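Below is one structure, written out as structure tokens; the observations come after it.
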Amino acid sequence: MKSSKSDPYLKLISEGIADRQSLKIFQKNIGYRFRSEALLVNAFVHRSFSSDTLQSNERLEFLGDSVLSLVISSFLYENFPTCDEGFLTRRRAALVCEESLYEIACEQGMDRLLIVGKSEQHSSGRFRKAPVADSVEALIGAVYLDGGWGQAQKLILRIFPVSSERLKHFDSLDPKTALQMFVQRQKKILPRYRLIRKTGPDHDALFFVEVLVGEERLGEGCGSSRKTAEIRAAAEAVAYLREKNLWIDYD
């Protein structure tokens with residue numbers, strides 16, 4: 001391995017821009033230890049921070065996108081043997097969409113490891129959704145190069161919502177769209193989302209939202225934005241309706 005004096009990515013660690021301890025914890029959490037620490041750091045370098053000597057994570061993202069698509073496609077093909085191409089395509093699209101990638105990135109703490117220029121950083125200290133979501137594909141590309149196909153496959157199946165239990169409740173539509181379609185067909189009305197409360201300062205707020213159908217409260221969700229809270233409230237409502245055997249798939 002190159003020394004930190006000659007490798008621009010390792011230099012980010014020695015300069016404190018990338019935190020080695022945080023990267024160690026991250027690797028432990030995802031269940032994969034990189035042989036090349038420089039490759040791991042590269043996965044988090046956004047183009048706004050790149051330079052002549054520092055390549056962004058876009059090439060890794062390109063590679064990871066293809067690896068992710070094949071792993072998810074293979075998984076769905078093997079686990080849904082009676083489903084047609086349309087079903088498999090919709091399920092894959094839902095699993096690898098930006099919203100899903102963003103949620104996975106935040107669950108794994110990748111949003112805190114991203115290295116971006118000032119142009120990409122909000123005044124609140126948060127980053128735009130797209131760079132955070134893209135880092136998941138970059139990470140997959142980095143694992144593929146560092147450890148091969150088998151390790152990349154294990155990582156994807158570990159951090160994506162593909163367990164049998166989660167797939168049982170997984171819908172190809174996002175929860176808000178699925179719930180709206182169900183309620184419209186069953187009740188001829190639309191679900192309503194109501195803000196219950198907001199806690200914390202503006203730069204680090206939490207929103208609590210409930211979803212109602214008529215006057216019946218079906219779910220509640222919280223998130224760092226009202227949109228995220230609404231999606232989680234809808235997901236809780238869908239799970240509740242499934243548990244009561246009231247749910248009908250309309251996709």
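Evaluating 6.51 cos²θ - 1.76 cosθ + 1.60 at θ = phi - 60° for every residue in region 26-42, the Karplus couplings come out as 4, 4, 5, 5, 8, x, 9, 10, 6, 6, 9, 5, 4, 5, 4, 4, 4 Hz, glycine and proline recorded as x. Judged by the gyration tensor of its Cα atoms, with axes a ≥ b ≥ c, region 188-237 is prolate; a/c meets the 1.5 cut and a/b is the larger of a/b and b/c. Helices in the chain, meaning DSSP H runs of at least 4 residues, each add -39500 (n - 2.57). Divided by all residues, the mean residue ellipticity at 222 nm is -16500 deg cm²/dmol.
Placing a label point 7 Å from the Cα of Ile196 along the Cα-to-Cβ direction, the residues of region 230-248 whose backbone N falls under 16 Å from that point are 230-240. Highest mean packing comes first when the peptides 52-65, 177-190, 75-88 are listed by Cβ atoms within 10 Å, giving 52-65, 177-190, 75-88.
Out of every Cα pair in region 42-117, what percent are spaced more than 17 Å from each other? Considering region 42-117, 56 percent of its Cα-Cα pairs are separated by more than 17 Å.
Full extension of the chain between Gln184 and Leu70 gives 37.5 nm of extra length, using 0.36 nm per residue less the Cα-Cα distance.
For the chain, the calculated P(r) over all alpha carbon pairs, in 10 Å bins from 0 to the bin holding the longest distance, is 7, 27, 30, 23, 11, 3, 0 percent. Among 36-45, 221-230, sorting by the average number of other beta carbon atoms lying within 10 angstrom of each residue, highest first, gives 36-45, 221-230. Relative to the longest principal axis of the Cα atoms of the chain, the long axis of helix 226-243 lies at roughly 50 degrees.
Among DSSP beta bridges lying fully in the chain, give the percent that are antiparallel, nearest 5. Of all bridge pairs located within the chain, approximately 95 percent are antiparallel. Each of Ile156, Ile72 has some number of other Cβ atoms within 10 Å of its Cβ, and from fewest to most they run Ile72, Ile156.
Where a number appears in this text, it was derived from the coordinates with a stated rule and is not lab data. It should be emphasised that the depicted structure is a prediction, and the values quoted were computed from it without experimental measurement. Don't worry about glycine lacking a Cβ; one is built from the backbone with ideal geometry, like all the others, and counts go over all protein chains shown.
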